[in-house]
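One structure is given below, encoded as structure tokens.
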Amino acid sequence: MKALQYRTIGAAPEVVTVPDPEPGPGQVLLKVTAAGVCHSDIAVMSWPAESFPYPLPLTLGHEGVGTVAALGAGVSGLGEGDAVAVYGPWGCGICAKCAEGKENYCLRADELGIRPPGLGAPGSMAEYLLVDDPRHLVPLDGLDPVAAVPLTDAGLTPYHAIKRALPRLLPGSTAVVIGTGGLGHVAIQLLRAMTAARVIALDVSEDKLALARQVGAHETVLSDADAAAKVRELTAGVGAQAVFDFVGAEPTVRTAGAVAAVEGDISIVGIGGGALPVGFGALPFEVSVSAPYWGSRGELIEVLDLARAGAVSVHTETYSLDEAPLAYERLHAGKVNGRAVILP
Ligand code: NAD
Ligand code: ZN
Ligand code: ZN
């Protein structure tokens, strides 16, 4: 089968031919119908050889949906042709966090060498994807594959961050979304569907800000040195009760700290390497800062339910598997508005 692989440190990913996978006992083989392109892959492909954590070559793609092509021995409850989304943050399924459905925070994944597809295990940017366990599949139940695939990360990750902050997002509150790309433009829609908060979106690109307004942001602000002052002005000096930073670089975490309200909540989701100093006087009183990772299996089910109810619609552009390297180039150049989706 064809697969998009990251093969050489520092080089662009390549479309290659690899053997068709076959499901072993307990596994499920999917025919991939859509795979999402995440900015985290660009971070992965920038890591140096010394600290590169995964075996190469690596088939990319940690957002995947497909139809069941074959079942390994002992798998029941699924039938050939069933349309499913892949819950990506695979864990052991047994530890205390996995027992809560929070396989994203599995206590034993590292020790057991369990890696998400596309982030260590072979990913979804291929004609077929081997899924280690049927519990990592959620029925699409009528959702369109292209519209649904970004929800497995670009939907689930913001959903988890927003859910944590819900007690702060009362009527009259403000939520700030920094970086309105793949994750951010879904975050705006989730905030509108889940809260009565006023949503202020920040980005460096006017095109991204236009999309932010289109998907429900009440206000947009160019993300520059004056951005924090503008957000303060828009909130009569109070600031935002919740801030979601989908960039996570030094300037954006600084903005996040500068726009947070007293008792506000800052979620640093982007992996841009910025660090926000905390400590008495460093931030407004009682601000909480967290760096969440992906979400739980139950939350993926909730996000798909929201999409089925029409509350979230991902802005997508599609590419064939042969065009996948181009999708990464465009994402790297900031040219993808919404989410790029590969159709293997
Ligand atoms: P994306 O490229 O689609 O979106 C990033 C957006 O940020 C773009 O619109 C870009 O214009 C904007 N941006 C860049 N610099 C900015 C700045 N200084 N101020 C404001 N906006 C700026 O990327 P994505 O796929 O949505 O991923 C967003 C981030 O989240 C990445 O760092 C990614 O690695 C990370 N991520 C984290 C998790 C997690 O679990 N924590 C999950 C998925 C992605
Ligand atoms: Zn991702
Ligand atoms: Zn576990």
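Counting only residues that are of a type in the set (Asp, Glu) and either near ligand 1 (Cβ under 9 Å from one of its atoms) or in contact with a Lys or Arg (Cβ under 7 Å, 6 or more places away or on another chain) (or both), how many does the stretch 129-185 have?
Residues in the stretch 129-185 being of a type in the set (Asp, Glu) and either near ligand 1 (Cβ under 9 Å from one of its atoms) or in contact with a Lys or Arg (Cβ under 7 Å, 6 or more places away or on another chain) (or both): 2 in total.
Determine whether Glu111 is farther than 23 Å from Ala43 by Cα, at pLDDT 95 or above, more than 12 Å from ligand 3 (Cβ to nearest atom) and not in a strand (DSSP E or B).
When the stated conditions are applied, Glu111 does not pass them.
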Report task. Specify the residue that is nearest to Ala212 (Cα to Cα); the eligible residues are those in the stretch 286-321 that are exposed (fewer than 15 other Cβ atoms within 10 Å of the Cβ) and of a type in the set (Asp, Glu). Result -> Asp305
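Kindly establish whether Ala121 is among the small types (Gly, Ala, Ser), within 10 Å of ligand 3 (Cβ to nearest atom) and crowded, with 21+ Cβ neighbours inside 10 Å.
no
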Report task. Return the only residue of Leu58, Leu78, Leu29 being over 20 Å from Ile342 (Cα atoms), hydrophobic (A, V, I, L, M, F, W, C) and assigned by TED's automatic domain parsing to the domain that holds Ala333. Result -> Leu78
Query raised in the report: Within the bounds of the stretch 163-179, is there any residue that is outside the structural domain of Ala258 (by TED's automatic domain parsing), surrounded by fewer than 21 Cβ atoms within 10 Å (Cβ to Cβ) and of a type in the set (A, V, I, L, M)?
Result: no
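Just checking, which of Cys106, Cys38, Cys98 is more than 16 Å from ligand 1 (Cβ to nearest atom) and closer than 25 Å to Leu183 by Cα? Please lay out each step first, then the result.
Values: Cys106 fails: more than 16 Å from ligand 1 (Cβ to nearest atom); Cys38 fails: more than 16 Å from ligand 1 (Cβ to nearest atom).
Unique residue meeting the criteria: Cys98.
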**Report entry** Filtered residues of the stretch 240-268 (kept if aliphatic (A, V, I, L, M) and part of a strand (DSSP E or B))
**Finding:** Ala240, Ala242, Val243, Ala260, Ala261, Val262, Ile266, Ile268
Report summary line: Considering only helices (runs of 4 or more DSSP H) wholly within the stretch 129-237, the ones with at least 1 residues that are within 16 Å of ligand 2 (Cβ to nearest atom) are 145-148, 156-165, 182-194
Query raised in the report: From the set of residues in the stretch 293-340 that are of a type in the set (Ser, Thr, Tyr) and out of contact with any Phe, Trp or Tyr (no Cβ under 8 Å at 6 or more places or on another chain), which is nearest to ligand 2 (Cβ to nearest atom)?
Result: Tyr328
Report task. Considering only the stretch 322-344, state which residues are assigned to a loop (DSSP other than H, G, I, E, B), crowded, with 21+ Cβ neighbours inside 10 Å and either of a type in the set (A, V, I, L, M) or within 16 Å of ligand 3 (Cβ to nearest atom) (or both). Result -> Val336
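The values are calculated or read from the model by the stated rules, or taken from the named source; none is laboratory data. Predicted model only: the values in this text are computed from it and were never measured. All Cβ positions, even for glycine, are placed from backbone atoms using ideal geometry, and neighbour counts span all protein chains on display.
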